[in-house]
């Protein structure tokens, strides 16, 4: 009754089932695992902090790619901390670069608007029409003010042509591109002996060609009322 019995391994019954399961995901033992580009990412991240913002975006993208490969097991995780540091620097550099571009754009737009206003001054308002004309001062100063808001002045060695005229309650200014002259209005235009007169910084100015000025004032008032 003695029959040869071959010992059966306890796992032999599971071998068909295990054979159908896919092997765990790991790098092939015969192939070397690739090193990450942590050094490159760190260098790009540092450079991005010194006004090389686009390099920060590149560091950000490269770091994300390598981190995905590390999680997938196809890339070495030996320098993962260095990789994360380079990524963080790249993000900061990219954000700083974007903020700088936005700031420069805002400043340029404001300066362009200021230059536009400077070269295209506003016409005189109705209550400022009395300042229009060619004024000669008793100290040799010449001031010309047009209804279009442009003006000239010649005073000693200083002169400006085609500047923007600004009139406030107590000051008159003519300037262009940083060159300007301002006077305190001691007395606004008034008639004296049939001649329009104005006093600026203690100097008395008299206007020439009053008949044509009066006609221009009337025409300007008619155009604004139309």
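Exactly one condition in (1) at pLDDT 95 or above; (2) buried (at least 16 other Cβ atoms within 10 Å of the Cβ); (3) under 38 Å from the mean Cα position of the chain (by Cα) is not met by residue 199; state its number.
All conditions pass for residue 199, except number (3).
Table: residues versus (1) in contact (Cβ under 8 Å) with a residue 12 or more places away in the chain; (2) touching a helix residue (DSSP H, G or I) at 6+ places or on another chain (Cβ under 8 Å); (3) within 22 Å of residue 53 (Cα to Cα).
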position	(1), (2), (3)
88	yes, yes, yes
107	no, no, yes
134	yes, no, no
144	no, no, no
148	yes, no, no
152	yes, no, no
171	yes, no, no
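Considering only residues of segment 21-57 that are in a helix (DSSP H, G or I) and under 12 Å from residue 97 (Cβ atoms), which is modelled with the lowest pLDDT? Outline the logic, then answer.
In the first step, residues of segment 21-57 are kept if they are in a helix (DSSP H, G or I); the result is 38-48, 53-57.
If we keep only those that are under 12 Å from residue 97 (Cβ atoms) as well, we get 47-48, 53-57.
Numbers: 47: 91, 48: 90, 53: 83, 54: 89, 55: 90, 56: 90, 57: 91.
My answer is 53.
The values are calculated or read from the model by the stated rules, or taken from the named source; none is laboratory data. Because the structure is predicted, anything quoted here is derived from the model rather than measured. Note: ideal-geometry Cβ built from the backbone for every residue, glycine included; neighbour counts use all protein chains shown.
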